[in-house]
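Values quoted throughout were computed directly from the atomic coordinates according to the rules given, and no laboratory measurement underlies them. Because the structure is a prediction, the values reported are computed rather than measured. When we count neighbours, we look across all protein chains shown, and the Cβ atoms used for this are built from the backbone with ideal geometry, even at glycine.
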Amino acid sequence: MKVLVIGNGGREHALAWKLAQGERVSQVYVAPGNGGTARDSRLTNIAITDVKALADFAVEQKVSLTVVGPEAYLAAGVVDEFRARGLRIFGPTKAAAQLESSKAFAKDFMKRHNIPTAAYEVFSDVAAAHAYVDAQGAPIVIKADGLAAGKGVVVAMTLAEAHEAIDWILADNKLGVVHNEGVARVVIEQFLQGEEASFIVLCDGKNVVSLATSQDHKRLKDGDEGPNTGGMGAYSPAPVVTPNVHAKAMHEIIMPTIQGMARDGIPFTGFLYAGLMIDAAGQPRTVEFNTRMGDPETQPIMMRLKSDLLEVLLHATDGTLDQVELQWDRRVALGVVMAAGGYPLSPRKGDAISGLPADAEDHMVFHAGTAEVDGQLLTSGGRVLCVTALGESVRKAQALAYESLVNIQFEGKQYRQDIGYRAVKR
């Protein structure tokens, strides 16, 4: 069977790598892919990014299954386009993807269906947003209402930071995110105390299968300092998601979401990612929804998955996920993101990368912002690589990941040296 993976990041490299291991998989295309997928003999990069052209390609090549990585394609309606042509694709429709593409839609949905989340208000008027922040005080959370590549959330610990975020996101619209007839919009939320975890499930519209739990590190610098990023590393499993927290998340958040979407006439199929904030009493609340796999959570999760991903996703697209039981490597997987100089605001590009270790059963380098140009591997984006390792404990996985990246060189490289510290502390 031929499989197409849409996207060019570390998430897509990991998904394609895992799919290529399937017994019935004859070919995996990655559109457009990156330098890492270009170097894997089992994967073929396809220089197509247009939605209709991707559907044309899937028809021409008789692709059996398409898997969508990035949220932008989902928001653009790639699933609708493929389904209209009778093509099998795993992901949510454009309407269902609003759970991620519009923070206001998601918050209103959660309020309507009694799904635990932070109190909030939505603003398109700058003065009203500033007045609300003054009335509420800090800390407080300011979110762009739309897709912002992981950079649209500001956790403001002071009023000055909150006002600056409103001006940046709403008044100046530096992220270029628009809603409501061409104007920017912000969601301003109550600040939630606790520890965050990534809770990702597979959905077929009715049935749900949970993936291994994970936790990522959003801040750029050690100790969760510095600006928010798309993610600087992740590990799986996440000890903070105890069996009790897992049961609550499924019962109070995931299942009400899937059932609520169905009742609203927007059945949800695809990966559903609930960012959870878990308080000291073990009560999870929803920070946000994503309608695709997380990045960099996908890399450690795929390292631990023992089941044939193609067979699982065929069940997901047939509506038979109730027949699936996933098998997991009992070891811990941990991935460290190596980012370009200047990331997240103005990452360097075009720097040569050297010193990559050979891939092995217990460690892999998944590529994100890389490109192969005339046989040379160059940086091409903010997050460049995710060096991922398996170990019998968090400490052992951590040690192997950092040992594996020590010889990797490119100008201005930056990475955190404490990925997994919360799990180690536990």
**Message:** Just to check I understand the Karplus step: with θ = phi - 60° and J = 6.51 cos²θ - 1.76 cosθ + 1.60, what whole-Hz values come out for segment 84-98, glycine and proline as x?
**Reply:** 4, 9, x, 9, 7, 9, 9, x, x, 5, 4, 5, 5, 5, 4
**Asked** Hey, what did segment 30-185 get for relative contact order, percent, Cα under 8 Å, at least 6 apart?
**Response** 14 percent
**Range in the chain, longest, excluding exposed GluC sites (Glu not before Pro) [loop by DSSP; at most 13 other beta-carbon atoms within 10 Å]** = 24-180
**Asked** Between LYS349 and ASN114, what is the FRET efficiency for a Förster distance of 56 Å, r being their Cβ-Cβ separation, to the nearest 0.05?
**Response** 0.75
**Request:** Compute the signed sum of charges (Lys and Arg +1, Asp and Glu -1) over the other residues within less than 10 Å, Cβ to Cβ, of HIS315.
**Result:** -4
**For LYS107, net neighbour charge (Lys/Arg +1, Asp/Glu -1) across residues whose Cβ lies under 10 Å away** = -1
**Request:** Would you calculate a helix-derived [θ] at 222 nm for the chain, using -39,500 (n - 2.57) for each DSSP H run of n ≥ 4 and dividing by the full residue count, to the nearest 500?
**Result:** -7500 deg cm²/dmol
**Item:** Modelled label reach - SER210, point 7 Å along Cα→Cβ, segment 183-201 residues with backbone N closer than 11 Å
**Value:** 199-201
**Asked** Say R0 is 51 Å: what FRET efficiency, to the nearest 0.05, do MET255 and ASP359 get from their beta-carbon distance?
**Response** 0.85
**Message:** What does the extension gain come out to for ALA399 and ALA247, with contour length at 0.36 nm per residue minus their alpha carbon separation?
**Reply:** 51.6 nm
**Asked** Once amide H atoms are built 1.01 Å from N in the peptide plane, which residues 5 or more positions from GLU288, or in another chain, come under 5 Å H to H?
**Response** GLY275
**Residue-span extension gain [GLU121 to ARG263] - 0.36 nm each, minus C-alpha spacing** = 48.7 nm
**Request:** Of the listed pairs LYS18/LYS103; LYS218/LYS248; LYS18/LYS143; LYS2/LYS306; LYS52/LYS206, which have alpha-carbon separations greater than 22 Å here?
**Result:** LYS18/LYS103; LYS218/LYS248; LYS18/LYS143; LYS52/LYS206
**Prompt:** Using alpha carbon centroids, what distance separates segment 99-127 and segment 237-303, in Å?
**Reply:** 17 Å
**Message:** At a threshold of 8 angstrom on Cα-Cα distance, excluding pairs fewer than six apart, so keeping six or more, what relative contact order does the chain reach in percent?
**Reply:** 16 percent
**Request:** Report the net charge of residues surrounding VAL424, where surrounding means a beta-carbon distance below 9 angstrom and charges are Lys +1, Arg +1, Asp -1, Glu -1.
**Result:** +3
**Item:** ³J(HN,Hα), Karplus 6.51/-1.76/1.60, whole Hz, each residue of segment 327-344, x for Gly, Pro
**Value:** 10, 10, 5, 6, 6, 7, 10, 9, x, 10, 7, 9, 10, 6, x, x, 5, x
**Request:** Report the full-extension gain for the segment LYS62 to GLN21: residue separation times 0.36 nm, less the Cα-Cα distance, to one decimal in nm.
**Result:** 12.8 nm
**Request:** Quick one: grab the alpha carbon gyration tensor of segment 234-326, order the square roots of its eigenvalues as a ≥ b ≥ c, and give me rounded if a/c is under 1.5, else prolate or oblate depending on whether a/b is larger than b/c.
**Result:** oblate
**Request:** Rounded to whole Hz and in sequence order, give me ³J(HN,Hα) for segment 221-235 from the Karplus expression 6.51 cos²θ - 1.76 cosθ + 1.60, θ = phi - 60°, writing x for Gly and Pro.
**Result:** 10, 3, x, 6, 9, x, x, 5, 10, x, x, 9, x, 7, 9
